Each structure stands twice: as structure tokens, then as C-alpha cells.
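Have a look at the structure below before the remarks.
The values are calculated or read from the model by the stated rules, or taken from the named source; none is laboratory data. Worth saying up front: this structure is predicted, and the values here are computed from it rather than measured. Reconstructed Cβ throughout: ideal geometry from the backbone, glycine too, with neighbour counts over all protein chains shown. These accessible areas exclude ligands, DNA and RNA; they are computed on the full protein's heavy atoms, side chains included. Shrake-Rupley method; radii C 1.70, N 1.55, O 1.52, S 1.80 Å.
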Amino acid sequence: MLMMKRHAALVLSLLLAAPTFAQLSYPPTKTVDASDTYFGTTYKDPYRWLEDLKAPDVAAWFKAQATLTDGVLGKIPGREALMKEWAALDKLRAARYTDISFENGRVFYKKTLGGENVGKFFYREGWTGEEKLLLDPGTYKPGVTTTIQSFSPSLDGHYVVMGFSSGGAEFSELRVLDVDHASLLPDIIYPSYGPGGWTLDSKSFFYDAGKVTDIKSLDIELNRKTRIHTVGAPVAADIDIFSNEVNPELGIAAKEFPQASIDESYPDYVFGSVQTVQNEMRIYYAPTSALAHAPVKWDSLCQTSDNLVRGIAFHGDYVYAVTHTDAPRYKLVRTSVKHPDWAHAETVIPEAQDSIQSLNKSKDFLFVDYSNGVVCRLVKYAFATGKISEVALPASGTVDVSCPDWHTNRCIVTITSWIVPTTLYDYDGDSDSFTKSIFNTDVTYPGFDRMVTEEVEVPGHDGEMIPLSIIHLKGIPMDGSNSCILEGYGAYGISITPYFSVLRSVVLHGAIYAYAHPRGGSEKGEAWYKGGFKETKPNTWKDFISCAEYLVKKGYTSPKKLGGTGTSAGGILISRAITERPDLFAAAVCNVGCANAMRMEFSSNGPVNIPEFGTVKDPADCKALYEMDGVAHVKQGVSYPALMGVGGWNDPRVMPWEPGKFVAAVQNASSSGRPVLMKINYDDGHFTEEKIVTFKNFAGQFAFLLWQTGNKDFQPVN
């Protein structure tokens, strides 16, 4: 036993001293004779056994991999220093206010101080009233780090329904907070994805519910429903008002999420939205009075074929929405609420050169947020006159607008960018004036003034120009000697617009941090999204590869200095980028990543994602899923980059077996001798608010990439 320990220590020492060539002794990984045949083609799946996370041998395999990985990461110099650096920068940060809500004169919000692990819940009487602490989640369950996952105040401001979660699980325990007494009432509902707002009398609230209570069950996301709970009543008495069970006439599939609520600013109707990951909206509505006569008889407001995306708002006799019909970069249209006819909807704001991102409504105005992928602008539409005007913003960057008090035109505008801290402004829609918000404090972060950003476009494999954001120190050598971390996503039509993070201090260590904006996002509109979707999905990782080649060609970095990373759906991008071009990268991280696309739909979160990625039950989708599947494209004897898979043990979105199977395949196939590791975060899910957990997680990922790309601050001393 002692000799084995000495041997393991020697191997680890050699690995850290010469990371590119030494070989770790990995936990043994068996293979099984598993396969699926679809449309005449057989697809082998030798690591299928790793999908059963409850099996003792599977749990032991992941534990052994995690132990090995923790040992390796713990010996990388710079990792602990990076965590401490981020913690120190975070302490400088001003208080962060999120989900600011306004009800009956009271302002509610979650506030997280700089250096604080999770946020607390506060309120004020009026915007400038004295701040009062309502709930510290640290007192909720002693010994358990609890986060406030969601909250919704009643319309009279006397109650708040809150969703509490822990360990990144996302499913919440719902409790009702009595604001006047700052105490939790006995009502307990679990598990739920969260509340959906209150009824007009402030006595009852809508919430998400399901048929099973085991959040690790494969059925947890099937047959969801919206229920109504009356404060103080038995939960068993809650009624279902929107589901496939009570509304069979609507054809709600088991995989779809039916969510109902009342728009406080338009109280005559209750709205029910049937959701998957598909962007096109499917919404039903009924008079609010129908809630007293369940089951509710719903009428159709819009179907997915109407192509409504990115926002919907109601005012007077009209419903306003964003559509991509005949408008690849989107336009704003409206139709009658009582008699919706989207095929003949009136164009309110025509398509522009940049893309609509979102809609927000105040008492008299509709605010339309546009972005070209880097810089946002804000357009104001006046309901009374139809006047359209551009709002002169006080700064440049990514813009977010919220109007918590719909009785007024007072809004909060947030502006952020890659290296400039986030700033909050109070905006008066009547005068178009901005002042620094009562929720804002300016902060200066040491060293960030030494950084610069570049926004370029890179020629892709088929001639398309791919946006690429590059963040680095001023005056870097352009001789290929810089370590570089290249990140990408490219899914769901989500644009990765600039945002500030203290994690970007990694640039102060001489690294370049770059963001590819591949097809599959929507930096250039709907066509950009559909250019990396299902059958066209290969463009996503090919665009990422084109960005990597550009960074090498221009001398920012070189293949032996380049690390790639992708998170969640970005796991498709990174797993396929390194299996298609293993020579282009020194290292890669697949962070809670979808690396086994052909098996995704068989996970709990898989069915709801079929509209985005497809199903093996369709011949065209099946071929597309095979192309996306990183596990399926691992080949024996190929010299693969160093790889670290990361899984959250409590992840309800991407099961840890997806990156786990990818790591297992590369461990058994790679001839490079570079380390292939599987990190398991047993205190995390897909993500978590907990900064301690988050900093530790990403410090490990960055340290791994910078170690393997030769950054001097992360190299062991022999």
C-alpha cells in the first residue's frame, strides 16, 4: 500500500513537472456492449453504464475521478491565489441589487454585499425609505447554505412568496413571508421551480408543481402544471388551473411547461404560456374571473407558428410583440387583444440593422432594447401618440431596462461591458433623464485600467464573418507566446453580450481572454441563430475553430498556448472542436457540458430541449445529433489536448454523466499523455449563487487551462 502511494505521488509529481507528456494512472473504466440502431445505422455506446448515477459502481467511479482531479488541481500553483484574488476584488464591489420589485409603495429586492457569499432579502417603504432586512437565508436551515432562488411580492405588499434552494439544485421550497412581522408562515410547498405571481386580491399565488417529488427522478420535468395556493390553506387543497391533465383540449405535451399568471398592469386576463426551450411563444388567455370557475376555458392568443419571440406586452386594446416573420433581425408588431390576428399584425417599429433583444413596459411607454452583439441602444415608443424616439444613453455597452412600478415611468437602466464595472441608473421616461441610481455605487478595480478590448470579425469556413471579442493587457507581444482562454456557447439564440466579472482578472496574469460569437447565438439576428441549429449545428464549432485559427494567425497565441472552454450547451461546441481539431488546442474544459448529444433526450431535462437539438426518433435530427455528439467522435490513438470535464452532482439540466462519458472516452483513447480529468462539484448544480463555490470551481478550471498552456503563474516548481 505504501509503495502504491509513493508510485502515485511520483506519477503526480512527474505530471505536474511535465504536463504535456506525463501520464496519470486513471481509475479503471470498463466498457459495455451497448448500442442503439436508428434508421439502419448502429451507434455504439460503450460508456452507457455511467448514466445510472444511483448505481454504486457509477458513484464510485465518479468519486474516484473527483478525488484524482482534486489532488491534481490542489497542486497547481496560482489556483488558491486566484481564488483569493477574486474574493479580494469581490470585497471591493458595491452591493449588488437583484430582482427589484415595487408593490403598493414598497420596494423589495435581494442585496448581496461585496465579499458576501449569498444575498439577503430587504425592503423599503418607498424608493428612498429606510432599508429593512426581512430575511437572512443563512438562518433558514442551520448548517445548510441556502439561497433565495426566487421571490414574488403580493400586490398589496403584505406577503412575499419565496423559493429557497441549496447546493445548486434549482428546485425550490416555497414559503410565504409575512412582511409586516418579518416572519415565515407555516405554508410549505416542495419541490417547485418557483412562484408565478399573485391573484388580484393578494390572498393566493400561482406556482409551478409536478407529479413527482424526487428531483433526481427522470420524470421530474414531465407533466408540470400551474397550481394556485391560498395563504393559510392546506397545500392538498391547491387547484390545478393550467396543465395537460385539466386542459387536455390544449394538447399540452408531457415535456412542455405550462405556466400561468396575471399581468398586474393588465389585470382583466390571466395568461397561460406553454413553454419548452423553443423561442417562439405559445400563449393562451382567459378572463381573470374564470379562475373562480375552474377548469378554466382558455382561448388562443398566439401559437408558435406566429413566430413571436423575445417579448410581449399589453396596453389598451392592443398586444405588442417581437416577431421574426419577414424580419431576420426582428420587428415590433401589434394586434387586437380581443381578436388577435398575427398574420395581419400592424408593424409598429420595422426591422433595423441591429437586433431586438427585449421589451419592457412602463405606464406610458414601451422600451425596445437593441444590440449588434457588442453595443446596445434603447428605443422608446409612446403608447398615446405612437411616437418613436431613441434614448440617449449615459454610457456604452450592454443595456438592461426594468420598470418595477408600472404606475409610473420611473425605470432602472443597467449598463455593463467586459472591463468597465456595472452601473445602475435611475431613468425618468417622461424627461429622458438619467441619474446614478440609489442602488448604485461606483467602484474602481485595481489593474482593470490596464486592460483593453478588441471587437473583430473573423472569416469563417464558409465565408461568414464571425464576431470575436478579445480582452488582454495593453502592449502584449504578438508573437504567439500568450496563454489564451477562448470561450464559446452558440445555442438557443442567446447572444453573449459584454458583461463585467471579477473573474476577468485572469487577464492581469498575462493571459488573453476571448469570446467567440458563433452561429447558434443571435448576435446577427434570427438567421445567425438558425445557422447553428440542428442540421446546421456544425457551424457552431466550426466558427469557434475559425476564431481559434485567427488568434493563432494574428500572433495572439499559438496552439500550444491555446485553451478552449464551453459551458452547458457550449459543451457541444468544445467537445466537437477538440475532436475535429485536436491539434489546435493545448487544453479544454467541458463545464457542465452537453457532450453526449444522442443521449440528451433520455435525461430528465432532455425532452424539453428537443425543439433546440432534435430527437433520435427523427431521421434528420438523428444525423444532426450524431454530428453534435462529442463522445461519438472520440477516436482511438488520437493526440487529444489536455481535458477537464466538470459536472455538478445536483445539476438538473445537464447530468454529470455527459461530461463524464466524454472524459472516459478521451482517457481511454488519447495518445498525447496530457491529463484528462473529471471534476465533480458535489456542492453545486448547473450553477449556484454561492460565491465561495463559484470562485473555487472556476479557479480550478482556469488554473488547469493556464497550467497546460504554459502560463508562468501556474507552473509547478520542479
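Worth pointing out:
- The condition of being part of a helix (DSSP H, G or I) and open to solvent by 20 Å² or more (accessible area, probe 1.4 Å) holds for only one of Ser300, Ser305, that being Ser305.
- Failed item, numbered, when Leu82 is tested on (1) surrounded by fewer than 18 Cβ atoms within 10 Å (Cβ to Cβ); (2) outside any strand (DSSP E or B): (1)
- Lone unmet requirement of (1) of a type outside the set (Gly, Ala, Ser); (2) assigned to a loop (DSSP other than H, G, I, E, B); (3) buried (at least 21 other Cβ atoms within 10 Å of the Cβ) for Thr385: (3)
- Per-region count, the range 60-78, residues free of Cβ contacts under 8 Å to residues at least 24 places away in the same chain, among the β-branched types (Val, Ile, Thr) and not in a helix (DSSP H, G or I): 0
- Among the residues of the range 693-718, the one identified as among the hydroxyl-bearing types (Ser, Thr, Tyr) and open to solvent by 10 Å² or more (accessible area, probe 1.4 Å) is Thr694.
- Per-region count, the range 482-508, residues assigned to a helix (DSSP H, G or I) and farther than 19 Å from Thr398 by Cα: 4
- Here Asn609 fulfils each of the conditions (1) in contact with a strand residue (DSSP E or B) (Cβ under 8 Å, 6 or more places away or on another chain); (2) surrounded by 20 or more Cβ atoms within 10 Å (Cβ to Cβ) apart from (1).
- Each residue in the range 241-262 was checked for being buried (at least 18 other Cβ atoms within 10 Å of the Cβ) and acidic (Asp, Glu), and 1 of them qualify.
- Scanning the range 353-363 for residues that are open to solvent by less than 30 Å² (accessible area, probe 1.4 Å) and in contact with a Ser or Thr (Cβ under 9 Å, 6 or more places away or on another chain) yields Asp354, Ser355, Ile356, Ser362.
- Only residues that are open to solvent by 10 Å² or more (accessible area, probe 1.4 Å) and either in contact with a His (Cβ under 7 Å, 6 or more places away or on another chain) or of a type in the set (Asp, Glu) (or both) were counted in the range 496-522, giving 1.
- Against the test of being aliphatic (A, V, I, L, M) and either touching a Cys at 6+ places or on another chain (Cβ under 6 Å) or within 30 Å of Tyr425 (Cα to Cα) (or both), the options Ala87, Ala34, Ala60, Ala66 yield a single qualifying residue, Ala87.
- Candidate set from the range 639-692 (those that are surrounded by fewer than 20 Cβ atoms within 10 Å (Cβ to Cβ) and of a type in the set (A, V, I, L, M)); member that is farthest from Ala169 (Cα to Cα): Ala669
- Filtered by the rule that a residue be over 25 Å from Val443 (Cβ atoms) and not in a strand (DSSP E or B), the range 99-115 gives Asn104, Gly105.
- Scoring Asp629 on the criteria (1) more than 19 Å from the chain's Cα centre (by Cα); (2) open to solvent by 10 Å² or more (accessible area, probe 1.4 Å); (3) free of Cβ contacts under 8 Å to residues at least 60 places away in the same chain leaves a single failure, condition (2).
- Where Val118 falls short, out of the listed (1) under 28 Å from the mean Cα position of the chain (by Cα); (2) closer than 25 Å to Ile228 by Cα; (3) not in a strand (DSSP E or B): (2)
- The set of residues from the range 527-561 being open to solvent by less than 40 Å² (accessible area, probe 1.4 Å), part of a helix (DSSP H, G or I) and polar (S, T, N, Q) comprises Asn539, Thr540, Ser546.
- Selection status of Phe367, open to solvent by less than 10 Å² (accessible area, probe 1.4 Å), among the hydrophobic types (A, V, I, L, M, F, W, C) and in a loop (DSSP other than H, G, I, E, B): no
- Residue count, the range 427-459 (criterion: in a strand (DSSP E or B) and either among the β-branched types (Val, Ile, Thr) or open to solvent by less than 20 Å² (accessible area, probe 1.4 Å) (or both)): 7
- Selection within the range 314-352 - open to solvent by less than 60 Å² (accessible area, probe 1.4 Å) and β-branched (Val, Ile, Thr): Val319, Val322, Thr323, Thr325, Val333, Thr335, Val337, Val348, Ile349
- Candidates Glu170, Glu125, Glu103, Glu116, filtered to the one that is loosely packed, with under 14 Cβ neighbours inside 10 Å and either in contact (Cβ under 8 Å) with a residue 60 or more places away in the chain or acidic (Asp, Glu) (or both): Glu125
- Count of the range 197-256 residues which are in contact (Cβ under 8 Å) with a residue 60 or more places away in the chain and of a type in the set (Lys, Arg): 2
- Some residue of the range 258-268 being assigned to a strand (DSSP E or B), among the acidic types (Asp, Glu) and over 23 Å from the mean Cα position of the chain (by Cα): no
- Residue ID - farthest from Asn596 (Cα to Cα), chosen from residues in the range 51-79 that are acidic (Asp, Glu) and open to solvent by 40 Å² or more (accessible area, probe 1.4 Å): Asp70
- Close pairs (6 angstrom Cβ cut-off, 6 or more residues apart or separate chains): under 13 Å from Thr69 (Cβ atoms) in the range 656-670, assigned to a helix (DSSP H, G or I) anywhere: Gly660/Leu50
- Residues (within 29 Å of Tyr682 (Cα to Cα) and either crowded, with 20+ Cβ neighbours inside 10 Å or in contact (Cβ under 8 Å) with a residue 24 or more places away in the chain (or both)) located in the range 185-194: Ile188, Ile189, Pro191, Ser192, Tyr193, Gly194
- Test: residue in the range 271-294 that is within 30 Å of Gly373 (Cβ to Cβ) and of a type in the set (Phe, Trp, Tyr): no
- Exactly one residue among Lys623, Lys617 is more than 23 Å from the chain's Cα centre (by Cα), outside any loop (DSSP other than H, G, I, E, B), at negative phi and surrounded by fewer than 19 Cβ atoms within 10 Å (Cβ to Cβ), and that residue is Lys623.
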